[in-house]
Amino acid sequence: MKVLITRKIPQSIVKLFEDSQLEIHMWEHEDEPMPHELLLKESRQADAIFTNVSDRIDRELIQHAERLKVISTMAVGFNNIDIAEATRRGIPVGHTPDVLTEAVADLTFSLLLSSARRVVEGMNYIKAGQWKSWGPMLLTGQKVQGATLGIIGMGRIGEGVARRALGFDMNLLYFNRNRKVHAEQRLGAKYKDLDSLLKQSDFIVMLAPSTPETYKMIGAREFSLMKSNAVFINTSRGANVDEQALYSALKDGKIWAAGLDVFEKEPISPDHPLLQLDNVIALPHIGSANVETRMKMAEIAAVHILDGLLGKRLTHCVNP
Ligand code: DGY
């Protein structure tokens, strides 16, 4: 049986497939996605696809992949995969929740702190030879301790961010499609409707999954409700935010700063207007990128492939 691996992955993971006598077709580049045309072509011969957030596993691909028995993504998010079509064809889709919760919460909180305290601006300032002396108000930022944090999307990662915020005595607000009793009782998070959360928060963290309902859910109207000292963080998916509106809000000083790990189009172009602003910290979608977490994600994704090929139920199956 053939396994299509759409990105170069560590040898120890490849070995799991080799030990099971599977034929491997691996795209040998670590930092470049497989071109979509090639992905379409290779999928037609594949019994299993080991994929990631940057491939488009769409209806056309699934319809033409006649031998396909399992799709496994090395990610928690699966908005790039047509789950309805996979389900219609009886193809299980596996993903990797839980193992990346703490890693993404860490990166979210890093963006929060570094945006508030202008960490990247400070480094650029030194590198540009602008540092002449200590200054009373030089690169002053926003206070984090005791501030109000609004979390949009209170899932596992949201709770991870909330736990970190408690160490900074932050007041916790959240918005979610349903109430989260655990977050309310154990973490003291207060449920708010979206507008109230946007009006009351000093820090706003977007962690909702990308769905038709969350598409551009934060746009011009939502930014206009935020405080002028608000710091907006997005470590979920770029499609949840209207980037043009975010750019205007940052440029016109309607909000203070943004920390972004995800973008509408990835990779974002270096010429993108958002990257020309000093009050933006941008990262290349590395939310879950610590070595241990990524290895665990790859292992789980590999086991999903092996189980799927044996017709076993996947441990983390996203099909309804
Ligand atoms: C995910 O797993 O969905 C993340 O965005 C990848 O780091």
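Does residue 84 satisfy the condition of being among the small types (Gly, Ala, Ser), surrounded by 13 or more Cβ atoms within 10 Å (Cβ to Cβ) and at pLDDT 95 or above?
No, not satisfied.
Just to be sure, is residue 257 under 26 Å from residue 175 (Cβ atoms), of a type in the set (Gly, Ala, Ser) and within 16 Å of the ligand (Cβ to nearest atom)?
Considered against the rule, which asks whether it is under 26 Å from residue 175 (Cβ atoms), of a type in the set (Gly, Ala, Ser) and within 16 Å of the ligand (Cβ to nearest atom), residue 257 comes out as no.
What are the residues in region 273-313 that are aliphatic (A, V, I, L, M) and within 16 Å of the ligand (Cβ to nearest atom), if any?
282, 283, 286, 289, 291, 295, 297, 298, 300, 301, 302, listed by residue number.
Please work out which one of (1) more than 28 Å from residue 293 (Cβ to Cβ); (2) not assigned by TED's automatic domain parsing to the domain that holds residue 14 is the condition residue 113 fails and give its number.
(1)
Can you tell me which residue is nearest to the chain's Cα centre (by Cα) among those in region 111-123 that are in a helix (DSSP H, G or I) and free of Cβ contacts under 8 Å to residues at least 60 places away in the same chain?
So, considering only residues that are in a helix (DSSP H, G or I) and free of Cβ contacts under 8 Å to residues at least 60 places away in the same chain, the one nearest to the chain's Cα centre (by Cα) is 113.
Hey, among 151, 157, which residue is in contact (Cβ under 8 Å) with a residue 12 or more places away in the chain, more than 19 Å from residue 282 (Cα to Cα), outside any helix (DSSP H, G or I) and among the aliphatic types (A, V, I, L, M)?
Only one candidate passes the filter, namely 151.
How about region 38-78: which of its residues are within 15 Å of the ligand (Cβ to nearest atom), assigned to a loop (DSSP other than H, G, I, E, B) and either free of Cβ contacts under 8 Å to residues at least 40 places away in the same chain or buried (at least 16 other Cβ atoms within 10 Å of the Cβ) (or both)?
Hits for region 38-78 are 52, 53, 55, 56, 74, 75, 76, 77, 78.
Which of the residues spanning region 98-116 are among the aliphatic types (A, V, I, L, M) and within 14 Å of the ligand (Cβ to nearest atom)?
Across region 98-116, the qualifying residues are 99, 100, 103, 104, 105, 107, 111.
Determine if region 88-106 includes at least one residue that is surrounded by fewer than 20 Cβ atoms within 10 Å (Cβ to Cβ), touching a strand residue (DSSP E or B) at 6+ places or on another chain (Cβ under 8 Å) and not hydrophobic (A, V, I, L, M, F, W, C).
No, region 88-106 has no match at all.
Condition test on residue 255, is it in the same structural domain as residue 158 (by TED's automatic domain parsing) and in contact with a Lys or Arg (Cβ under 8 Å, 6 or more places away or on another chain)?
For residue 255, the condition - in the same structural domain as residue 158 (by TED's automatic domain parsing) and in contact with a Lys or Arg (Cβ under 8 Å, 6 or more places away or on another chain) - is met.
Given the structure, is residue 168 under 30 Å from residue 96 (Cβ atoms), more than 16 Å from the ligand (Cβ to nearest atom) and in contact with a strand residue (DSSP E or B) (Cβ under 7 Å, 6 or more places away or on another chain)?
No.
The values are calculated or read from the model by the stated rules, or taken from the named source; none is laboratory data. If you're wondering where the values come from, they're calculated on a predicted model, not measured in any experiment. All Cβ positions, glycine included, derive from the backbone under ideal geometry; neighbour counts span all protein chains shown.
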